[in-house]
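Colleague: Just passing along the structure, written as structure tokens.
The values are calculated or read from the model by the stated rules, or taken from the named source; none is laboratory data. For clarity, every value in this text was computed on a predicted model and none was experimentally measured. Here the Cβ positions follow ideal geometry from the backbone for every residue, glycine too, while neighbour counts run over all protein chains shown.
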């Protein structure tokens, strides 16, 4: 990543937690030998992608079983008014992508997120 990306602390926290969960899933379930993290940002938005070369899975089958990690990532994306997309298939690895739209330099996130998280909660 080149340059500095300044986002409100609650947005950074949610993106960090989504990446953390995606990495944990790759470690626990994917048998991956390579995991990459890409962050792209411009005036239109921020995109975070975590990809692995693991065994892959059927995201619809897992969501039917109520996988807590995937549910948590989706909830975090929703709190950012963002979208979470999971690309995966057996034997083809997995890509988890979150996209958060921005208006200029300000993310269009839920006001409830900003009011519910203060700096002290984010730093824990």
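Colleague: Restricting attention to the stretch 99-113, does a residue exist that is at pLDDT 95 or above, surrounded by 19 or more Cβ atoms within 10 Å (Cβ to Cβ) and at negative phi?
Modeller: no
Colleague: Right, here's the next one. In the stretch 6-43, what residues are loosely packed, with under 13 Cβ neighbours inside 10 Å and more than 16 Å from the chain's Cα centre (by Cα)?
Modeller: Listed by number, the residues that qualify are 6, 28, 31, 33, 34, 42, 43.
Colleague: Select from the stretch 78-96 the residues that are part of a loop (DSSP other than H, G, I, E, B) and closer than 23 Å to residue 44 by Cα and write down the one among them that is farthest from the chain's Cα centre (by Cα). First the steps, then the outcome.
Modeller: Residues of the stretch 78-96 that are part of a loop (DSSP other than H, G, I, E, B), as a first pass: 80-82, 89-93.
From what's left, closer than 23 Å to residue 44 by Cα: 80-82.
On the way: 80: 10, 81: 12, 82: 9 Å.
By that ranking, first place goes to 81.
Colleague: Considering (1) closer than 24 Å to residue 78 by Cα; (2) at pLDDT below 95, say which one residue 30 fails and leave the rest.
Modeller: Single failed check for residue 30: (1).
Colleague: Continuing with the same structure: Those residues that are in contact with a helix residue (DSSP H, G or I) (Cβ under 8 Å, 6 or more places away or on another chain) and either within 21 Å of residue 91 (Cβ to Cβ) or not in a helix (DSSP H, G or I) (or both), I need them from the stretch 4-23; list them, please.
Modeller: Within the stretch 4-23, 7, 8, 22 meet the criteria.
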